[in-house]
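Notes to accompany the following structure.
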Amino acid sequence: MRRSARTGRYDGRFALFLIAPAFFFYTFFLILPLLGTVVIGFTDWTGISFATLKFTGLANFVHMAADEFFWGALRNSFLFVIGCLVFQVGIALIFAIILESGPRFAKWFRSIFFVPFVLSLVVVGILFNFLLDPTLGIVDGLLRAIGLDGPKFGWLGTRTLNVFVVIGVHIWRNFGFTMFLLIAGLQAIPRALQESARLDGATPWQLATRVTIPLLREVLVVASVITSIDAMRVFDLVYTLTGGGPFHSSETVVTYIYQLGLGTARTQHGYATAIALVLTVIIMGMSALQFSLARAGKGAVTS
(Lines give C-alpha, C1' and ligand atoms only; values in the text may rest on other atoms or scores of the structure.)
Protein backbone atom coordinates (compact mmCIF):
# COMPACT_ATOMS: atom_id res chain seq x y z
CA MET A 1 0.00 0.00 0.00
CA ARG A 2 1.12 3.58 -0.60
CA ARG A 3 0.51 6.77 1.41
CA SER A 4 -1.86 9.45 0.20
CA ALA A 5 0.02 12.65 -0.73
CA ARG A 6 -2.42 14.89 1.19
CA THR A 7 -3.39 12.83 4.26
CA GLY A 8 -0.31 10.65 4.71
CA ARG A 9 -2.53 7.59 5.21
CA TYR A 10 -2.30 4.31 3.36
CA ASP A 11 -4.52 4.10 0.27
CA GLY A 12 -6.59 0.92 0.44
CA ARG A 13 -7.81 1.34 -3.14
CA PHE A 14 -4.27 0.90 -4.43
CA ALA A 15 -4.00 -2.37 -2.46
CA LEU A 16 -7.27 -3.61 -4.00
CA PHE A 17 -5.94 -2.69 -7.43
CA LEU A 18 -2.83 -4.82 -6.81
CA ILE A 19 -4.67 -7.91 -5.58
CA ALA A 20 -7.53 -7.69 -8.11
CA PRO A 21 -5.85 -9.89 -10.83
CA ALA A 22 -4.97 -12.64 -8.36
CA PHE A 23 -8.44 -12.44 -6.80
CA PHE A 24 -10.06 -12.71 -10.23
CA PHE A 25 -8.09 -15.83 -11.25
CA TYR A 26 -8.56 -17.40 -7.79
CA THR A 27 -12.31 -16.86 -7.99
CA PHE A 28 -12.71 -17.87 -11.63
CA PHE A 29 -10.53 -20.98 -11.58
CA LEU A 30 -11.06 -22.25 -8.00
CA ILE A 31 -14.07 -20.83 -6.16
CA LEU A 32 -16.58 -20.98 -9.03
CA PRO A 33 -15.58 -24.53 -10.17
CA LEU A 34 -15.79 -25.67 -6.54
CA LEU A 35 -19.29 -24.25 -6.16
CA GLY A 36 -20.24 -25.74 -9.52
CA THR A 37 -19.01 -29.14 -8.37
CA VAL A 38 -21.18 -28.98 -5.27
CA VAL A 39 -24.21 -28.13 -7.41
CA ILE A 40 -23.54 -30.90 -9.95
CA GLY A 41 -23.42 -33.43 -7.11
CA PHE A 42 -27.16 -32.90 -6.69
CA THR A 43 -28.01 -33.48 -10.36
CA ASP A 44 -28.43 -36.24 -12.92
CA TRP A 45 -26.09 -35.17 -15.73
CA THR A 46 -24.17 -36.93 -18.47
CA GLY A 47 -21.50 -34.23 -18.51
CA ILE A 48 -21.97 -33.52 -22.22
CA SER A 49 -24.67 -30.85 -22.51
CA PHE A 50 -26.25 -28.61 -19.89
CA ALA A 51 -29.57 -29.30 -21.61
CA THR A 52 -29.51 -32.79 -20.07
CA LEU A 53 -28.81 -31.50 -16.54
CA LYS A 54 -31.64 -32.31 -14.14
CA PHE A 55 -31.70 -31.56 -10.40
CA THR A 56 -32.45 -34.65 -8.36
CA GLY A 57 -31.86 -33.42 -4.81
CA LEU A 58 -30.39 -36.12 -2.55
CA ALA A 59 -31.08 -38.95 -5.01
CA ASN A 60 -27.37 -39.48 -5.75
CA PHE A 61 -26.54 -39.83 -2.07
CA VAL A 62 -29.48 -42.19 -1.47
CA HIS A 63 -28.29 -44.31 -4.40
CA MET A 64 -24.75 -44.21 -3.00
CA ALA A 65 -25.93 -45.71 0.29
CA ALA A 66 -27.19 -48.79 -1.57
CA ASP A 67 -24.34 -49.03 -4.10
CA GLU A 68 -22.30 -52.15 -3.30
CA PHE A 69 -19.56 -51.14 -5.73
CA PHE A 70 -19.12 -47.81 -3.93
CA TRP A 71 -18.84 -49.51 -0.55
CA GLY A 72 -16.35 -52.01 -1.97
CA ALA A 73 -14.27 -49.18 -3.41
CA LEU A 74 -14.45 -47.31 -0.09
CA ARG A 75 -13.32 -50.43 1.76
CA ASN A 76 -10.34 -50.79 -0.56
CA SER A 77 -9.44 -47.11 -0.12
CA PHE A 78 -9.43 -47.54 3.66
CA LEU A 79 -7.30 -50.67 3.26
CA PHE A 80 -4.84 -48.47 1.37
CA VAL A 81 -4.84 -45.93 4.20
CA ILE A 82 -4.39 -48.52 6.97
CA GLY A 83 -1.71 -50.43 5.08
CA CYS A 84 0.26 -47.28 4.29
CA LEU A 85 0.03 -45.92 7.84
CA VAL A 86 1.14 -49.21 9.41
CA PHE A 87 3.85 -50.25 6.96
CA GLN A 88 4.88 -47.13 5.04
CA VAL A 89 5.05 -44.78 8.04
CA GLY A 90 5.84 -47.42 10.66
CA ILE A 91 8.70 -49.11 8.82
CA ALA A 92 9.96 -45.77 7.49
CA LEU A 93 10.25 -44.59 11.12
CA ILE A 94 12.34 -47.64 12.04
CA PHE A 95 14.65 -47.22 9.04
CA ALA A 96 14.93 -43.47 9.64
CA ILE A 97 16.08 -44.03 13.23
CA ILE A 98 18.57 -46.70 12.14
CA LEU A 99 20.03 -44.67 9.26
CA GLU A 100 20.18 -41.46 11.30
CA SER A 101 22.23 -43.25 13.97
CA GLY A 102 25.11 -43.19 11.49
CA PRO A 103 25.91 -46.74 10.30
CA ARG A 104 28.32 -47.28 7.44
CA PHE A 105 26.92 -46.74 3.94
CA ALA A 106 23.86 -44.94 5.39
CA LYS A 107 23.92 -42.40 2.54
CA TRP A 108 23.91 -45.19 -0.03
CA PHE A 109 20.86 -46.80 1.56
CA ARG A 110 19.05 -43.45 1.64
CA SER A 111 19.63 -43.04 -2.08
CA ILE A 112 18.47 -46.59 -2.85
CA PHE A 113 15.24 -46.15 -0.88
CA PHE A 114 14.48 -42.80 -2.52
CA VAL A 115 14.94 -43.96 -6.15
CA PRO A 116 11.41 -45.48 -6.53
CA PHE A 117 9.79 -42.19 -5.50
CA VAL A 118 11.22 -40.32 -8.49
CA LEU A 119 9.62 -42.84 -10.87
CA SER A 120 6.26 -42.02 -12.41
CA LEU A 121 3.34 -44.02 -11.04
CA VAL A 122 2.49 -45.09 -14.58
CA VAL A 123 6.05 -46.38 -15.09
CA VAL A 124 5.86 -48.25 -11.78
CA GLY A 125 2.54 -49.79 -12.83
CA ILE A 126 3.91 -50.96 -16.18
CA LEU A 127 7.05 -52.31 -14.49
CA PHE A 128 5.14 -54.41 -11.96
CA ASN A 129 2.68 -55.58 -14.60
CA PHE A 130 5.68 -57.17 -16.30
CA LEU A 131 7.25 -58.48 -13.07
CA LEU A 132 4.00 -60.07 -11.87
CA ASP A 133 2.88 -61.49 -15.21
CA PRO A 134 1.96 -65.17 -14.57
CA THR A 135 3.60 -66.32 -17.83
CA LEU A 136 6.59 -64.07 -18.46
CA GLY A 137 7.00 -62.40 -15.07
CA ILE A 138 10.18 -62.72 -13.03
CA VAL A 139 8.33 -63.33 -9.75
CA ASP A 140 6.47 -66.44 -10.94
CA GLY A 141 9.60 -67.60 -12.77
CA LEU A 142 11.58 -67.52 -9.51
CA LEU A 143 8.81 -69.35 -7.67
CA ARG A 144 8.74 -72.09 -10.32
CA ALA A 145 12.52 -72.37 -10.07
CA ILE A 146 12.23 -73.37 -6.41
CA GLY A 147 9.26 -75.68 -6.97
CA LEU A 148 6.43 -73.32 -6.01
CA ASP A 149 3.48 -71.99 -7.97
CA GLY A 150 2.08 -68.49 -8.01
CA PRO A 151 -1.64 -67.70 -7.69
CA LYS A 152 -3.81 -69.57 -10.20
CA PHE A 153 -5.11 -66.40 -11.85
CA GLY A 154 -1.97 -64.35 -11.32
CA TRP A 155 -1.04 -61.86 -8.62
CA LEU A 156 -3.21 -59.14 -10.17
CA GLY A 157 -6.03 -61.41 -11.34
CA THR A 158 -6.93 -63.01 -8.02
CA ARG A 159 -9.80 -61.09 -6.44
CA THR A 160 -8.80 -61.70 -2.82
CA LEU A 161 -5.14 -60.85 -3.41
CA ASN A 162 -4.78 -58.13 -6.02
CA VAL A 163 -5.68 -55.16 -3.82
CA PHE A 164 -2.98 -56.14 -1.30
CA VAL A 165 -0.45 -56.47 -4.11
CA VAL A 166 -1.30 -52.96 -5.33
CA ILE A 167 -1.00 -51.63 -1.76
CA GLY A 168 2.44 -53.25 -1.49
CA VAL A 169 3.59 -51.64 -4.75
CA HIS A 170 2.24 -48.27 -3.57
CA ILE A 171 4.16 -48.57 -0.29
CA TRP A 172 7.35 -49.58 -2.13
CA ARG A 173 7.10 -46.52 -4.37
CA ASN A 174 6.41 -43.95 -1.61
CA PHE A 175 8.47 -45.43 1.23
CA GLY A 176 11.57 -43.35 0.47
CA PHE A 177 9.75 -40.00 0.65
CA THR A 178 8.24 -40.79 4.05
CA MET A 179 11.61 -41.97 5.36
CA PHE A 180 13.36 -38.79 4.22
CA LEU A 181 10.64 -36.67 5.84
CA LEU A 182 11.18 -38.47 9.15
CA ILE A 183 14.98 -38.22 8.82
CA ALA A 184 14.60 -34.45 8.43
CA GLY A 185 12.57 -34.41 11.64
CA LEU A 186 15.19 -36.50 13.45
CA GLN A 187 17.93 -34.09 12.40
CA ALA A 188 16.01 -31.25 14.07
CA ILE A 189 16.07 -32.98 17.48
CA PRO A 190 18.85 -31.52 19.68
CA ARG A 191 21.70 -33.98 20.11
CA ALA A 192 22.16 -32.83 23.70
CA LEU A 193 18.86 -34.43 24.73
CA GLN A 194 19.84 -37.79 23.30
CA GLU A 195 23.29 -37.64 24.83
CA SER A 196 21.81 -36.77 28.23
CA ALA A 197 19.48 -39.76 28.00
CA ARG A 198 22.40 -42.04 27.15
CA LEU A 199 24.42 -40.70 30.09
CA ASP A 200 21.44 -41.43 32.35
CA GLY A 201 21.59 -45.06 31.24
CA ALA A 202 18.74 -45.13 28.71
CA THR A 203 18.68 -48.20 26.48
CA PRO A 204 18.23 -47.78 22.71
CA TRP A 205 14.56 -48.79 23.09
CA GLN A 206 13.98 -46.24 25.88
CA LEU A 207 15.81 -43.58 23.87
CA ALA A 208 13.56 -44.21 20.87
CA THR A 209 10.23 -44.48 22.73
CA ARG A 210 10.72 -41.82 25.43
CA VAL A 211 12.87 -39.23 23.68
CA THR A 212 13.00 -39.57 19.89
CA ILE A 213 9.40 -40.46 19.00
CA PRO A 214 7.73 -37.94 21.38
CA LEU A 215 9.92 -35.16 19.97
CA LEU A 216 9.13 -36.39 16.46
CA ARG A 217 5.36 -36.29 17.06
CA GLU A 218 4.59 -33.27 14.87
CA VAL A 219 6.59 -34.62 11.93
CA LEU A 220 4.89 -38.00 12.35
CA VAL A 221 1.50 -36.32 12.18
CA VAL A 222 2.45 -34.47 8.99
CA ALA A 223 3.80 -37.71 7.47
CA SER A 224 0.63 -39.58 8.47
CA VAL A 225 -1.69 -36.94 7.00
CA ILE A 226 0.26 -36.79 3.72
CA THR A 227 0.33 -40.59 3.53
CA SER A 228 -3.40 -40.91 4.28
CA ILE A 229 -4.44 -38.33 1.69
CA ASP A 230 -2.13 -39.86 -0.92
CA ALA A 231 -3.49 -43.36 -0.23
CA MET A 232 -7.10 -42.18 -0.29
CA ARG A 233 -6.77 -40.55 -3.70
CA VAL A 234 -4.59 -43.17 -5.41
CA PHE A 235 -5.53 -43.62 -9.07
CA ASP A 236 -2.62 -43.98 -11.50
CA LEU A 237 -1.16 -47.10 -9.91
CA VAL A 238 -4.49 -48.93 -9.58
CA TYR A 239 -5.52 -48.01 -13.11
CA THR A 240 -2.27 -49.22 -14.72
CA LEU A 241 -2.00 -52.40 -12.64
CA THR A 242 -5.57 -53.72 -12.51
CA GLY A 243 -7.93 -51.06 -13.85
CA GLY A 244 -10.01 -51.66 -10.73
CA GLY A 245 -10.78 -55.26 -11.71
CA PRO A 246 -11.48 -58.03 -11.93
CA PHE A 247 -15.14 -57.37 -11.14
CA HIS A 248 -14.35 -54.19 -9.15
CA SER A 249 -12.31 -56.21 -6.63
CA SER A 250 -9.41 -53.72 -6.59
CA GLU A 251 -11.52 -50.62 -7.25
CA THR A 252 -10.81 -47.54 -5.14
CA VAL A 253 -13.08 -44.55 -4.72
CA VAL A 254 -11.09 -42.45 -7.20
CA THR A 255 -11.01 -45.14 -9.89
CA TYR A 256 -14.74 -45.69 -9.37
CA ILE A 257 -15.34 -41.96 -9.84
CA TYR A 258 -13.36 -42.15 -13.07
CA GLN A 259 -15.30 -45.16 -14.31
CA LEU A 260 -18.62 -43.43 -13.63
CA GLY A 261 -17.64 -40.04 -14.97
CA LEU A 262 -15.54 -40.97 -18.00
CA GLY A 263 -15.18 -44.70 -18.42
CA THR A 264 -18.67 -45.91 -19.30
CA ALA A 265 -20.88 -45.58 -22.37
CA ARG A 266 -23.45 -43.52 -20.46
CA THR A 267 -21.47 -41.29 -18.14
CA GLN A 268 -23.01 -40.54 -14.75
CA HIS A 269 -21.28 -37.25 -14.12
CA GLY A 270 -23.68 -36.12 -11.41
CA TYR A 271 -23.34 -39.35 -9.43
CA ALA A 272 -19.55 -39.37 -9.85
CA THR A 273 -19.41 -35.78 -8.56
CA ALA A 274 -21.53 -36.71 -5.55
CA ILE A 275 -19.05 -39.47 -4.69
CA ALA A 276 -16.19 -36.97 -5.11
CA LEU A 277 -17.90 -34.66 -2.60
CA VAL A 278 -18.22 -37.51 -0.10
CA LEU A 279 -14.55 -38.40 -0.65
CA THR A 280 -13.55 -34.79 0.03
CA VAL A 281 -15.49 -34.78 3.30
CA ILE A 282 -13.90 -38.11 4.32
CA ILE A 283 -10.37 -36.83 3.63
CA MET A 284 -11.03 -33.62 5.56
CA GLY A 285 -12.46 -35.62 8.46
CA MET A 286 -9.49 -38.01 8.51
CA SER A 287 -7.02 -35.11 8.54
CA ALA A 288 -8.91 -33.29 11.30
CA LEU A 289 -9.06 -36.49 13.37
CA GLN A 290 -5.31 -37.10 13.05
CA PHE A 291 -4.46 -33.54 14.07
CA SER A 292 -6.90 -33.76 17.00
CA LEU A 293 -5.36 -37.02 18.20
CA ALA A 294 -1.90 -35.47 17.86
CA ARG A 295 -2.89 -32.45 19.97
CA ALA A 296 -4.44 -34.73 22.59
CA GLY A 297 -1.33 -36.89 22.70
CA LYS A 298 0.90 -33.82 22.95
CA GLY A 299 -1.13 -32.56 25.89
CA ALA A 300 -0.85 -35.93 27.62
CA VAL A 301 2.93 -35.97 27.12
CA THR A 302 3.28 -32.39 28.36
CA SER A 303 1.24 -33.00 31.48
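The values are calculated or read from the model by the stated rules, or taken from the named source; none is laboratory data. From a predicted model like this one, the values you see are computed outputs, not experimental measurements. Ideal geometry is used to build each Cβ from the backbone, glycine not excepted, and the neighbour counts take in all protein chains shown.
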**OP:** For Ala145, work out the one condition from (1) more than 26 Å from the chain's Cα centre (by Cα); (2) under 24 Å from Leu79 (Cα atoms) it doesn't fulfil.
**Re:** (2)
Original post:
Pairs under 9 Å by beta carbon, first residue at pLDDT 85 or above in region 22-34, partner part of a helix (DSSP H, G or I) and of a type in the set (A, V, I, L, M, F, W, C), six or more apart or different chains?
Top reply: Phe23/Leu16
Original post:
If only one of Leu99, Leu74 is modelled with pLDDT of 90 or more and either more than 30 Å from Leu277 (Cα to Cα) or assigned to a helix (DSSP H, G or I) (or both), which one is it?
Top reply: Leu74
**OP:** May I ask you to list the residues in region 219-241 that are more than 14 Å from the chain's Cα centre (by Cα) and either buried (at least 22 other Cβ atoms within 10 Å of the Cβ) or not hydroxyl-bearing (Ser, Thr, Tyr) (or both)?
**Re:** Val219, Leu220, Leu241
Original post:
Tell me, which helices (runs of 4 or more DSSP H) wholly within region 204-262 include 2 or more residues that are β-branched (Val, Ile, Thr) and not assigned by TED's automatic domain parsing to the domain that holds Val169?
Top reply: none
